[in-house]
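The block underneath contains the structure these notes are about, expressed in structure tokens.
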Amino acid sequence: MKDNTPRYVKIDDWIFELKMVRALKVDEYGKPYTAIANCNINGDNMYVDGLLTKEEDEFTKEDFMTFLKFSKKLGLKGFSYHRYHNGKSSTKDANVKMLDAFEAATEEPKPQPIRLVK
């Protein structure tokens with residue numbers, strides 16, 4: 001995922017800018033989905049708004065990492081989301097640097113060159 005997806009397209013005298021995204025958790029487009037989120041992009045950040053999952057499903061760590069990957073693909077710094085935990089409301093921020101650190105920590109170690117010693 002080294003290439004950024006462009007956030008705008010110029011056609012004739014118009015520039016179409018990506019500002020809002022609807023995300024669906026589903027194996028194949030058009031099939032019933034298990035979660036939905038509306039995402040609003042402003043500058044270098046995205047706000048995940050209206051995240052809803054089926055009653056038996058939760059927003060998992062893997063889901064969180066997918067949103068980080070999407071943010072990185074768009075060239076964003078990260079995203080924010082609102083949640084309720086233990087009856088308290090809070091806004092959380094996720095930075096693409098978290099993804100970079102996670103990917104670096106989970107990479108397989110590179111083979112070390114063999115050095116001959118006398």
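The values are calculated or read from the model by the stated rules, or taken from the named source; none is laboratory data. Keep in mind that what you see is a predicted model, and the values were worked out from it rather than measured. Virtual Cβ from ideal backbone geometry, glycine too; neighbours counted across all protein chains shown. Ligands, DNA and RNA are excluded from the accessible area calculation, which covers all protein heavy atoms including side chains. Shrake-Rupley method; radii C 1.70, N 1.55, O 1.52, S 1.80 Å.
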Among the residues listed as K10, K54, the single one being within 30 Å of Y84 (Cα to Cα) and of a type in the set (D, E, K, R):
K54
Per the filter on the stretch 79-100, residues open to solvent by less than 60 Å² (accessible area, probe 1.4 Å) and small (G, A, S) are S80, S90, A94
Filter result for N38 (open to solvent by 50 Å² or more (accessible area, probe 1.4 Å), assigned to a strand (DSSP E or B) and among the polar types (S, T, N, Q)):
yes
Of all the residues that make up the stretch 69-78, how many are part of a helix (DSSP H, G or I) and open to solvent by less than 80 Å² (accessible area, probe 1.4 Å)?
4
P32 vs (1) more than 30 Å from A104 (Cβ to Cβ); (2) at pLDDT 95 or above: all pass except (2)
Can you name the residue in the stretch 5-23 that is open to solvent by less than 100 Å² (accessible area, probe 1.4 Å) and closer than 22 Å to K77 by Cα and, of all such residues, is modelled with the lowest pLDDT?
T5
Looking at the structure I just gave you, is L51 part of a strand (DSSP E or B), among the aliphatic types (A, V, I, L, M) and modelled with pLDDT of 95 or more?
no
